[in-house]
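What follows is one structure encoded as C-alpha cells, with my remarks underneath.
The values are calculated or read from the model by the stated rules, or taken from the named source; none is laboratory data. All of these numbers come straight from a predicted model, not from anything done at the bench. Cβ placement follows ideal geometry from the backbone for every residue including glycine, while neighbour counts extend to all protein chains displayed. The accessibility values were calculated without ligands, DNA or RNA, using every heavy atom of the protein model including side chains. Shrake-Rupley method; radii C 1.70, N 1.55, O 1.52, S 1.80 Å.
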Amino acid sequence: MGTGRLYAAVAVRAFRRYATYRVATAAGVFTNTVFGLILAYTYIALWDEKPHLGGYDQAQALTYVWLAQGLHAAVAAMGGGFEDELIERIRTGDIAIDLYRPADLQAWWLATDVGRAAFQLVGRGVVPMAFGALVFELALPADPATWLAFLVAVALGVAVSFAIRYIVAMMTFWFLDGAGVQQLATLVGIFFSGMLLPLNIFPGALGELGRVLPWSALIQAPADVLLGERTGSGLLSTYAFQAAWAVGLLAVGRLVQLAATRRVVVQGG
Amino acid sequence: MDTELDAETDSASDREFIRLDRVEKVFDVRKKTGFLRSERHEVRAVDSISFTVPRGEMVGYIGPNGAGKSTTIKMLTGILTPSGGRLRVAGIDPSRERTRLARRIGVVFGQRTTLWWDLPLIDSYRLMHRMYRIPDARYRENLDRCVELLELGPLLDVPVRQLSLGQRMRGDIAAALLHDPEVLYLDEPTIGLDVISKVKVREFLRDLNAERSTTVLLTTHDLSDIEQLCRRVMVIDHGRLVYDGPLSGLHEIGAGERTLVVDLERELPPIDVDLARVVKVEGPRQWLAFPASDSAAPLVARIAAEYPLVDLSVREPDIEAVISRMYAEKATS
C-alpha cells in the first residue's frame, strides 16, 4: 500500500507539472487543430474517391482524424515525455540519483508518464475533438459505455507506448547518445500508430504488419473501439492484444534495465 | 547470554559500520584505434582499498580529481558493483541489497540534485515522505528541524529551478536527511557556495553529527570543510589509499613549515632573521615560513625586538599544500 501511495503521488505531481506548461499546451492544441483541418480535407478527398476505404464511412474517417489529433499527445505516438528526460538523466549521469533511491526505476517513470498522459488526454485532447465535432459531422458514440471502453483502450495504449519508450531510453546506456534510436522510434511511431492514416486502409502485407505491431495499440486500437468497430469479443481481443504487448514490452524493458545497471556506466564524476 | 552476544556483535558492527576489504573497481575502457578497431584497456579507478568507519564518525575523503573518490561513494551506495574485494555498510552488501540500504543512507551529490526541478521544494519533500515511508510524525519533526536550521521556510513554495545554488544545496541536504539516515555521503556539498552558505551548511552538519551521531563521509575539494568538520582524513590517489589518520598527522607528514604573518607599522624591506625566511611581502604585511617543529615564540620575540610589530598570526599549513608535498615526497623517494 505504501508503494501504491508513492506512485500515485508521483503521477499526481507529473499531472500538475504538465498542467503548468500552459503555453506549450496551447501551442500543441493550436498545431493539432490546424493539422487536423489539413488532414480532414485530405481525408474528405480520399473518401470521396474511395468510399468505405478501410471499412470506415466518411463520418468515421473524419472522427478518426480528430481522434488521432486529440490522442497522439496522450499516447506519445511521436515519442517524448518522460523519454527525453530519462535519456538526459542517463546521458548526464543524474540517473545515479534515481538508482540509489528505494523506488523501482521503471514503476517510477511509468507513474510519471501516467500523470502526463492523463493531463494531455484532457489538455491536448478535448479542444481539437470539440473543434472537429463543431466543424464537421463526426460519428461520435452516444453510449457512455463505448466512451468508457475507449478510455480503457487509451490506458492500455499509454502502457504500450511507455514500454516502448522505456526500452528506447535505456539504449542510451549503450549508445551514450540516444538521438539516433529515438529518431528511428519516432518515425516508426508516427506511421505505425496510425496517427496519420488509419492502418485499416493499407492493403496486403503492410497493413497486416501494421496491425500486429505494438504501435497499433496506441491510436488505431482506441480509435476502433470509439468508432464502434470493436464490441463484445472483438473488444476483448483488442484489449488482450494491447495488454499482451504492454506486459511483454514492460518485461523486456525490465531485462534491458537489469543489463544496463549491471554494466552501468554512470557518466561523470 | 543471548543478549550479551547480541550486544557484542552490535558493538562490533558499530565499530565497523562501514567496512571495505581490498575493494577494487576496474573499468574496461575501449579506445578507438581505427575504423571499427578498438583497443581495450583496464582502468583501475579503485585499487584495493581497505578501511573501516565506526558509527558516528565524520571522515574526510579527499584526493585529486579522478582519484577514485566518487567511484568509492557509488560503490558504497550500491549503484556500482565492486570488481573485487568485500564491502559492507551497516552489515549490508550495497550492490546486492541496494533498495534495503537506500532507506538507511542519505546521499548528497553537490553537482547533482535529488529535488524535482519543476516542483516547489515542499513537493519534493512530500515525495521523499512517501518514497522512504517515513512515519508522519517523524517526517514532520525532521522537516521542521531542517527548515529551521537550514532556513528553508521562505523557500518551500518556490520551484526548485528558481533557487540559487546555495539554497538548492540546503534543500538537497534536507532532502537527504528526512528519513533519518544512519550514514550520510556528502560529495562536494559546499561546491560553488558563497561564504555564508558554507558556514550554515557546516554548522548544520556538525550539529547533525553531534546530536544524532550520524556517520558522515565527506568528499570535498574545499579543505576548510575538512579542517572544520573532520578529525579523521583519508587521502586517496590513483585509486589507492595513501593516508588514513588524524588531520594533525597529515600536517606533520608533509607539513615541514608553518607560516607567521606579521603586520608592521609601515612598509619595510623583508625582515631579516635567521629563524625564518620571508616568502611574501604585501605592503606592511609579511609572510615568514619557519620549521613546523620549531616554537614560534623565539621568532616572535626577535621580530618584536627589532621591528615595529603591530599584529601577528600563525598559520598551520593548509591541506592542499600538505598533500601536494606528500605527493612530491613520494615521487622523489
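Averaged across the residues of B:115-127, what count of C-beta atoms belonging to other chains lies within 10 Å of each residue's C-beta?
Mean number of neighbouring Cβ atoms from other chains: 3.
So what is the relative contact order of the stretch B:257-316, in percent, for Cα pairs below 8 Å that sit 6 or more residues apart?
Computed over the stretch B:257-316, the figure is 48 percent.
What is the antiparallel percent of DSSP beta bridges lying wholly in chain B, to the nearest 5?
Here the antiparallel bridges make up roughly 70 percent for chain B.
Once phi is turned into ³J(HN,Hα) by the Karplus curve 6.51 cos²θ - 1.76 cosθ + 1.60 with θ = phi - 60°, what whole-Hz value does each residue of the stretch B:174-182 show in order, with x for glycine and proline?
Working through the residues one at a time gives 4, 4, 7, 10, 4, 9, 6, x, 7 Hz.
Assuming R0 = 22 Å, can you tell me the calculated FRET efficiency for the pair residue B:38 and residue A:92, based on Cβ-Cβ distance, to the nearest 0.05?
E between residue B:38 and residue A:92, to the nearest 0.05, is 0.35.
Leaving ligands, DNA and RNA out of it, report the carbon-plus-sulfur percent of the accessible area of the stretch A:150-195 at a 1.4 Å probe.
80 percent
At R0 = 60 Å, how high is the FRET efficiency between residue B:21 and residue A:236 if r is their beta carbon distance? Nearest 0.05 is fine.
Working from the Cβ atoms, E equals 0.55.
Let me see the pair-distance distribution of the protein assembly as shown: every alpha carbon pair, 10 Å bin width, integer percents in order.
With a bin width of 10 Å, the distribution comes to 3, 14, 20, 19, 16, 12, 8, 4, 3, 1, 0, 0.
Can you tell me the length gained on complete extension of the stretch residue A:151 to residue A:175, counting 0.36 nm per residue apart and subtracting the Cα distance?
So the chain would gain 5.0 nm between residue A:151 and residue A:175.
Report the normalised scattering of the stretch B:174-257 as log10 I(q)/I(0) at q = 0.16, 0.19, 0.25 Å⁻¹, calculated by the Debye formula with identical scatterers on the alpha carbons.
These q points yield log10 I(q)/I(0) values of -0.70, -0.95, -1.35.
Build a GNM of chain A with springs between Cα atoms under 10 Å: which of A:117, A:14, A:45 gets the top mean-square fluctuation?
In the Gaussian network model the winner is A:45.
Please give the peptides B:64-74, B:93-103 ranked by average Cβ packing (other Cβ atoms within 10 Å per residue), highest first, as a rough proxy for protection.
For the peptides B:64-74, B:93-103, the packing ranking is B:64-74, B:93-103.
If you take the alpha carbon radius of gyration of the stretch B:257-316 and divide it by 2.2 N^0.38 Å, what ratio comes out, to two decimals?
Against the compact-globule rule of thumb, the ratio is 0.98.
Using R₀ = 56 Å, calculate the FRET efficiency as 1/(1 + (r/R₀)^6) where r is the Cβ-Cβ separation of residue B:118 and residue B:301; round to 0.05.
With a Förster radius of 56 Å, E is 0.30.
In nm, what is the difference between 0.36 nm times the number of residues separating residue B:265 and residue B:285 and their Cα-Cα distance?
6.3 nm
If you average 1/r over every pair of different alpha-carbon atoms in chain A and take one over that average, what Kirkwood value in Å do you get?
By the Kirkwood definition, the hydrodynamic radius is 19.2 Å.
Between the stretch A:231-252 and the stretch B:164-214, what is the separation of their alpha carbon centroids in Å?
Spelled out, the Cα-based centre of one part sits 49 Å from the other.
In whole Hz, what ³J(HN,Hα) sequence does the stretch B:236-244 give by Karplus (6.51, -1.76, 1.60; θ = phi - 60°), x for Gly and Pro?
10, 8, 6, x, 10, 7, 9, 8, 8
Whole Å is fine, so just give me how far the alpha carbon centre of the stretch A:6-30 lies from that of the stretch A:176-215.
26 Å
Note down the net charge around residue B:207, summing +1 for each Lys or Arg and -1 for each Asp or Glu among other residues with Cβ under 13 Å from its Cβ.
+2
Go through B:74/B:280; B:74/B:200; B:69/B:200; B:25/B:200 and tell me which ones have a Cα-Cα distance over 31 Å in this structure.
Going by Cα-Cα distance, B:74/B:280; B:25/B:200 fall outside the 31 Å limit.
Report the accessible surface area buried between chains B and A, summing both sides, using a 1.4 Å probe on protein heavy atoms only, in Å² rounded to the nearest 100.
2500 Å²
How much mean residue ellipticity at 222 nm does chain B get from its helices, if each DSSP H run of length 4 or more adds -39500 (n - 2.57) and you divide by all residues, to the nearest 500 deg cm²/dmol?
Taken over chain B, the calculation gives -11500 deg cm²/dmol.
With runs of 4+ DSSP H residues as the only contributors, calculate the mean residue ellipticity of chain A at 222 nm using -39,500 (n - 2.57) per run, divided by the residue total and rounded to the nearest 500.
Computed ellipticity for chain A at 222 nm equals -24000 deg cm²/dmol.
If I model a spin label as a point 7 Å beyond the Cα along the Cα-Cβ vector, how far apart are those points for residue B:228 and residue B:180 in nm?
So the two model labels end up 2.9 nm from each other.
Using only the Cα atoms of chain B, what semi-axes does the equivalent ellipsoid have when each is the square root of 5 times a gyration tensor eigenvalue? Give whole Å, largest first.
Values for chain B, descending: 40, 27, 22 Å.
Label point 7 Å out from residue A:20 along Cα-to-Cβ: which residues of the stretch B:110-148 have amide N under 11 Å?
Counting backbone N atoms under 11 Å from the label point, the list is B:116-124.
Work through the residues other than residue B:287 whose Cβ is under 12 Å from its Cβ and net out their charges, Lys, Arg +1 and Asp, Glu -1.
Within the 12 Å Cβ shell, the charges total +2.
What is the magnitude of the charge dipole of the protein assembly as shown about its Cα centre, with +1 placed on the Cβ of each Lys and Arg, -1 on the Cβ of each Asp and Glu, and no other charges, expressed in debye to the nearest 20?
1380 debye
Out of all DSSP beta bridges with both ends in the protein assembly as shown, state the antiparallel percent to the nearest 5.
So the antiparallel bridges amount to about 70 percent of the total.
Which whole-number percent is the relative contact order of chain A (Cα, under 8 Å, 6+ apart)?
Value for chain A: 27 percent.
Return one number: the angle in degrees, 0 to 90 and rounded to the nearest 10, between the long axis of the Cα atoms of helix B:136-149 and the longest principal axis of the Cα atoms of chain B.
Value to nearest ten degrees: 20.
Run through the stretch A:1-44 and list the chymotrypsin sites (Phe, Trp or Tyr not before Pro) located in a DSSP loop whose Cβ has at most 15 other Cβ atoms within 10 Å.
For chymotrypsin sites (Phe, Trp or Tyr not before Pro) across the stretch A:1-44 that sit outside H, G, I, E and B with at most 15 neighbouring Cβ atoms in 10 Å, the list reads A:21.
I'd like to check one number: the per residue accessible area of the protein assembly as shown, probe 1.4 Å, reported in Å² as a whole number.
46 Å²
Counting Lys +1, Arg +1, Asp -1, Glu -1, what net charge surrounds residue A:102 among other residues with beta carbon under 15 Å of its beta carbon?
Cβ neighbours under 15 Å give a net charge of +4.
I need to check one value: relative contact order of chain B, counting alpha carbon pairs closer than 8 Å and at least 6 residues apart, in percent.
Relative contact order here is 17 percent.
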